[in-house]
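> Pasting a structure here, questions to come.
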Amino acid sequence: MNNVMDTLRARGFVKQTVYEEELYKLLGSESVTFYTGFDPTADSLHIGHFLQLIAMKHMQDAGHRPIILIGGGTALIGDPTGKTDMRKMMTRETIDYHIECFKKQMSKFISFEGKNGAIIVNNADWLTNLNYLEFIRDIGVHFSVNEMLRAKCFETRLERGLSFLEFNYMLMQGYDFLELYKKYGCMLELGGDDQWSNILAGANLIRVKERKPAYAMTFTLLTTSEGKKMGKTEKGAVWLDESKTSPYEFYQYWRNIADADVEKCLKLLTFLPLEEIDGLVKFNDERINKAKEVLAYELTKLVHGEEKAAAAQAQARAAFGGGGDLPEKDVKVENTTIIPVLVAAGICASNGEARRLIQQGGVSLNDDKVTDIDTPVSDGDVIHKGKKVHVKINLK
């Protein structure tokens, strides 16, 4: 069995671990059951989840067994990590619907068949029926309030006010790990590095309460070279659901990332061999665009399939003069000047936004910069909004 920790380290995943030497030996000698948690707060996964899915696939491919824990119970409370305000609580019906959406998307990356096939569990199954007095007596006794208050996950919320409801989150997540250990022999929890305090709490709980080994590993967060979270655009999150983020928009997001972020993203988010990645990113000039194109294609193929990835690539190349098919928009307006067409095509949200964009030099028609708000648009013209949006207009 290959030791997956070598793979994860080489590709830049591993941020923190506990009992690292023990864990390394374990991962290299037997199949380990591990889990990663996902909050069902939307009806689609986004780029922030994608890195976790790729890490889970590396683990599964190396022979280890994934448990996908859906936080249907903890979502009723809300994770305070990194939040400035208390999260709006959802109904069970909404959470159940989101779980079904997650299952469909995860099946593209994680196998649910075979000896180490993944399983999906919902922590609502054990959290919603807890006896509070027994829980506080049996679980709460092992948590130090002083240590919890020093935890990084509470840092931001403490400045604005942390409710007791949210303060329970660490105990709940630690209890999840304990339950999964008892039910499935789960020995390892994986997650983003912003979850380190919560993940470590679960491993410690098992070691104290069960006197058995348990381990924690966190991964680097998907951030830009400037330290900002990746996966955000002017429209919001970059989703894996194509009804929220189209394959073309998804492709373009990765095609347009900063040069400094290409190597990291290729290593973390694709399965290309490291030697091939080194060859793609060895140039610090315009040749890095080839690496960006490979990154965009590989990620779009993973999420949306080869056919849609090829179509998105062709559209992008056409937009930048490389041939292929541009995305098209059917537009029906009485006034076919640039501002009404921009709004009708969904390129701008309002006449005011369209006017400001033109005044700022952000709109081109075919190959010409638009300076006149009364510029006419003809059938078949291509509108360019900045460097990323390029749409062929079909007037109806």
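The values are calculated or read from the model by the stated rules, or taken from the named source; none is laboratory data. Since this is a predicted model, take the numbers as computed values, not measurements. Here Cβ is always computed from backbone atoms with ideal geometry, including for glycine, and neighbour counts include all displayed protein chains. Side chains are part of the model used for accessible areas, which takes the heavy atoms of the whole protein and leaves out ligands, DNA and RNA. Shrake-Rupley method; radii C 1.70, N 1.55, O 1.52, S 1.80 Å.
> Which ³J(HN,Hα) values, rounded to whole Hz and listed in residue order, are derived for the stretch 134-151 from phi using the Karplus coefficients 6.51, -1.76 and 1.60 in 6.51 cos²θ - 1.76 cosθ + 1.60 with θ = phi - 60°, glycine and proline given as x?
Per-residue couplings from phi come out as 5, 5, 5, 5, 8, 10, x, 5, 8, 10, 8, 4, 4, 5, 4, 5, 8, 5 Hz.
> Give me the net charge of Thr223's neighbourhood, meaning all other residues with Cβ under 12 Å from the Cβ of Thr223; Lys, Arg count +1, Asp, Glu -1. Kindly include the intermediate steps, with their values, before the conclusion.
Details: positive: Lys15, Lys228, Lys229, Lys232, Lys264; negative: Asp193, Asp194, Glu226, Asp261.
Surrounding charge for Thr223 is +1.
> May I ask which of Lys229/Lys267; Lys108/Lys232; Lys104/Lys244; Lys25/Lys301; Lys15/Lys57 have a Cα-Cα span longer than 26 Å here?
Details: Lys229/Lys267 17 Å; Lys108/Lys232 23 Å; Lys104/Lys244 15 Å; Lys25/Lys301 34 Å; Lys15/Lys57 18 Å.
Violating the 26 Å limit, Cα to Cα: Lys25/Lys301.
> Considering only protein heavy atoms, what per residue accessible area in square angstrom results for the chain with a 1.4 angstrom probe?
Numbers: 19250 Å² over 396 residues.
In whole numbers, the chain has 49 Å² accessible per residue.
> Work out from phi, with θ = phi - 60° and the Karplus expression 6.51 cos²θ - 1.76 cosθ + 1.60, the ³J(HN,Hα) of each residue of the stretch 201-218, listed in order in whole Hz, and give x for Gly and Pro.
4, x, 4, 5, 4, 5, 5, 7, 7, 9, 6, 10, x, 8, 9, 9, 9, 10
> Further question: Could you check what % of the DSSP bridge pairs in the chain are antiparallel, to the nearest 5?
Numbers: 17 of 39 bridges.
Rounded to the nearest five, the antiparallel share is 45 percent.
> Separate question: Among DSSP bridges having both ends in the stretch 239-396, what percentage is antiparallel? Round to the nearest 5. All intermediate terms of the calculation are to be shown ahead of the outcome.
Values: 10 of 14 bridges.
Given both bridge residues lie in the stretch 239-396, the antiparallel proportion sits at roughly 70 percent.
> By per-residue mean of other Cβ atoms within 10 Å, what is the highest-first order of 182-188, 295-301, 348-354?
On the way: 182-188: 17.3, 295-301: 22.0, 348-354: 15.1.
The peptides rank, most packed first, as 295-301, 182-188, 348-354.
> How charged is the neighbourhood of Gly63? Take every other residue with its Cβ under 14 Å from the Cβ of Gly63, and add Lys/Arg as +1 and Asp/Glu as -1. Show your work: numbers first, answer last.
Working: positive: Lys57, Arg65, Lys115; negative: Asp6, Glu30, Asp61.
Taking every Cβ under 14 Å from that of Gly63, the sum is 0.
> Next question. Around Met5, what is the net charge, scoring Lys/Arg as +1 and Asp/Glu as -1 over all other residues with Cβ under 14 Å from its Cβ?
On the way: positive: Arg9, Arg11, Lys15, Lys25; negative: Asp6, Glu20, Glu21, Glu22, Glu30, Asp61.
Net charge in that neighbourhood comes out at -2.
> Would you mind telling me the share, in percent, of accessible area of the chain contributed by carbon and sulfur at probe 1.4 angstrom?
Numbers: 9100 of 19250 Å².
C and S atoms contribute 47 percent here.
> What is the magnitude of the charge dipole of the chain about its Cα centre, with +1 placed on the Cβ of each Lys and Arg, -1 on the Cβ of each Asp and Glu, and no other charges, expressed in debye to the nearest 20?
460
> In addition: Angle, helix 288-304 long axis vs. longest principal axis of the chain, Cα atoms, 0 to 90°, nearest 10?
That helix lies at roughly 70 degrees to the long axis.
> Give me, ordered by chain and number, the residues 5 or more places off Lys15 or on other chains with an amide H under 5 Å from its own placed amide H.
Sorted by chain and number, the residues that satisfy this are Thr218, Phe219, Thr220.
> Test of the criteria: in the stretch 190-297, which GluC sites (Glu not before Pro) are in a DSSP loop and have at most 13 other Cβ atoms within 10 angstrom of their Cβ?
Details: sites: Glu210, Glu226, Glu234, Glu242, Glu249, Glu263, Glu275, Glu276, Glu286, Glu293; in loops: Glu210, Glu226, Glu234, Glu242, Glu286.
When the GluC sites (Glu not before Pro) of the stretch 190-297 are filtered for loop state and at most 13 Cβ neighbours within 10 Å, Glu210, Glu226, Glu234, Glu286 remain.
> Once fully extended, how much extra length lies between Ser144 and Lys282, figured as 0.36 nm per residue of separation less the alpha-carbon to alpha-carbon distance?
On the way: separation 138, 0.36 × 138 = 49.68 nm, distance 4.91 nm.
Extra length from Ser144 to Lys282 when fully extended: 44.8 nm.
> Show that you can apply the helix-only estimate: for the chain, add -39,500 (n - 2.57) for every DSSP H stretch of four or more residues, divide by all residues, and state [θ] at 222 nm to the nearest 500. Could the numbers behind the result be given before it?
Details: 18 runs with 175 residues, N = 396.
The helix-only estimate for the chain comes to -13000 deg cm²/dmol at 222 nm.
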